[in-house]
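Could you have a look at this structure, given as structure tokens, before my questions?
The values are calculated or read from the model by the stated rules, or taken from the named source; none is laboratory data. Every value quoted in this text rests on a predicted model; they were computed, and no experiment measured them. FYI the Cβ positions are ideal-geometry reconstructions off the backbone, even for glycines, and counts take in every protein chain you see. In case anyone asks, the SASA skips ligands and DNA or RNA and just uses the protein heavy atoms, side chains included. Shrake-Rupley method; radii C 1.70, N 1.55, O 1.52, S 1.80 Å.
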Amino acid sequence: ARFLYDRTLEMNQVGDSRIASYNYSFVFKIQEMTVYEIMKVVYKILNAHPVLKAKPVIADKRLMIQRRDDYLPEFTIVELKTMPDLEYFKKIMNPIRLMIDEPLRCKIYHFDKTFFLVLDIHHILLDGFSIYLILNDFKRAFADMSVISEENNFFSVSEETFEFSQSEEYLPVKKYYNTLLMGTDPIKYPECTSVKSDIPVYGGSFVKVPIA
């Protein structure tokens, strides 16, 4: 949750985020399952981790994260004539352009009795630590085991911080942090302009991260 907030904040500060390309790619070799069963595994993971369904959008001239709980990704099915190796998948990996492409791509490659599930996820939705949690949940899902849904995700944290930002307890906290960077040169340290920003605001279907 904190990672996604920080990445969104960073994107707003550096400027043009439309073509920011940085994604993780995963390949799962699967046997004794149907295409439908593989898709059900992916849906189970997405329902447990709703942030993987989210999509960055531009609204009010800011980069925001749109929540899409009902979103289901499209699957591309590719029939292969030969058994692919690792080099094959390395060659077909393409970057995800942040504001142009869907931040999650799902493809299933099929040869004989073997399937390969290929997932591309933009880095704004997934960090290095979360990878291990997601992969462990995939392991459980493929074994037809239960997957526990996140209790504290980016959206719930955003709602909680918004409520805190409206409370009396928040005012002295804001004043304190505003004093930390007083006198800082915004030319040399442009990231310090974020001290003027508010805590991320959850409103409707968007999580807003305003930067002054």
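Does the stretch 58-77 hold any residues that are of a type in the set (A, V, I, L, M) and either more than 14 Å from residue 118 (Cβ to Cβ) or surrounded by 14 or more Cβ atoms within 10 Å (Cβ to Cβ) (or both), and which are they? Before you say what the answer is, go through the steps one by one.
Keep residues of the stretch 58-77 that are of a type in the set (A, V, I, L, M), which gives 58-59, 63-65, 72, 77.
If the condition is that a residue be of a type in the set (A, V, I, L, M) and either more than 14 Å from residue 118 (Cβ to Cβ) or surrounded by 14 or more Cβ atoms within 10 Å (Cβ to Cβ) (or both), then 58, 59, 63, 64, 65, 72 are the ones that fit.
Determine which single condition residue 114 fails, assuming it passes every other condition in (1) out of contact with any helix residue (DSSP H, G or I) (no Cβ under 9 Å at 6 or more places or on another chain); (2) closer than 24 Å to residue 22 by Cβ; (3) at pLDDT 95 or above.
Only one criterion in (1) out of contact with any helix residue (DSSP H, G or I) (no Cβ under 9 Å at 6 or more places or on another chain); (2) closer than 24 Å to residue 22 by Cβ; (3) at pLDDT 95 or above is unmet by residue 114, namely (2).
Restricting to the stretch 103-128, give me the number of residues that are open to solvent by 60 Å² or more (accessible area, probe 1.4 Å) and more than 14 Å from residue 25 (Cβ to Cβ).
2
Moving on. Looking at residue 5, is it under 14 Å from the mean Cα position of the chain (by Cα), assigned to a strand (DSSP E or B), at pLDDT below 90 and not aliphatic (A, V, I, L, M)?
Considered against the rule, which asks whether it is under 14 Å from the mean Cα position of the chain (by Cα), assigned to a strand (DSSP E or B), at pLDDT below 90 and not aliphatic (A, V, I, L, M), residue 5 comes out as no.
Can I ask one more? In the stretch 129-140, is there at least one residue being assigned to a loop (DSSP other than H, G, I, E, B), in contact with a helix residue (DSSP H, G or I) (Cβ under 8 Å, 6 or more places away or on another chain), open to solvent by 10 Å² or more (accessible area, probe 1.4 Å) and touching a residue at least 24 places away in the same chain (Cβ under 8 Å)?
Within the stretch 129-140, the subset assigned to a loop (DSSP other than H, G, I, E, B) is none.
No, every residue in the stretch 129-140 fails to be assigned to a loop (DSSP other than H, G, I, E, B), in contact with a helix residue (DSSP H, G or I) (Cβ under 8 Å, 6 or more places away or on another chain), open to solvent by 10 Å² or more (accessible area, probe 1.4 Å) and touching a residue at least 24 places away in the same chain (Cβ under 8 Å).
Separate question: Collect the residues in the stretch 89-102 that are in contact with a Ser or Thr (Cβ under 9 Å, 6 or more places away or on another chain) and either aliphatic (A, V, I, L, M) or closer than 15 Å to residue 28 by Cβ (or both), keeping them in residue-number order.
If the condition is that a residue be in contact with a Ser or Thr (Cβ under 9 Å, 6 or more places away or on another chain) and either aliphatic (A, V, I, L, M) or closer than 15 Å to residue 28 by Cβ (or both), then 89, 93, 96, 98, 99 are the ones that fit.
A follow-up question, please. Can you report the number of residues in the stretch 21-52 which are basic (Lys, Arg) and either at pLDDT below 90 or surrounded by 15 or more Cβ atoms within 10 Å (Cβ to Cβ) (or both)? Write out each step before concluding.
Start the filter on the stretch 21-52 by keeping residues that are basic (Lys, Arg), which leaves 29, 40, 44.
Filter once more, keeping what is either at pLDDT below 90 or surrounded by 15 or more Cβ atoms within 10 Å (Cβ to Cβ) (or both): 44.
So the answer is 1.
Being free of Cβ contacts under 8 Å to residues at least 60 places away in the same chain and within 15 Å of the chain's Cα centre (by Cα) is the filter here; which residues of the stretch 85-102 pass it?
First, the residues of the stretch 85-102 that are free of Cβ contacts under 8 Å to residues at least 60 places away in the same chain: 85-88, 90-92, 94, 101-102.
Those that are free of Cβ contacts under 8 Å to residues at least 60 places away in the same chain and within 15 Å of the chain's Cα centre (by Cα): 101, 102.
Filter the stretch 103-118 down to residues that are free of Cβ contacts under 8 Å to residues at least 60 places away in the same chain and basic (Lys, Arg) and give me whichever is nearest to residue 58 (Cα to Cα).
Result: 105.
Taking the stretch 78-100 only, how many residues are open to solvent by less than 50 Å² (accessible area, probe 1.4 Å), at pLDDT 90 or above and assigned to a loop (DSSP other than H, G, I, E, B)?
Of the residues in that region, 2 qualify.
Listed here are the residues, each with its yes/no results for (1) assigned to a strand (DSSP E or B); (2) at pLDDT below 90; (3) over 14 Å from residue 103 (Cα atoms).
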site: 19; (1), (2), (3): no, yes, no
site: 64; (1), (2), (3): yes, yes, no
site: 69; (1), (2), (3): no, yes, yes
site: 72; (1), (2), (3): no, no, no
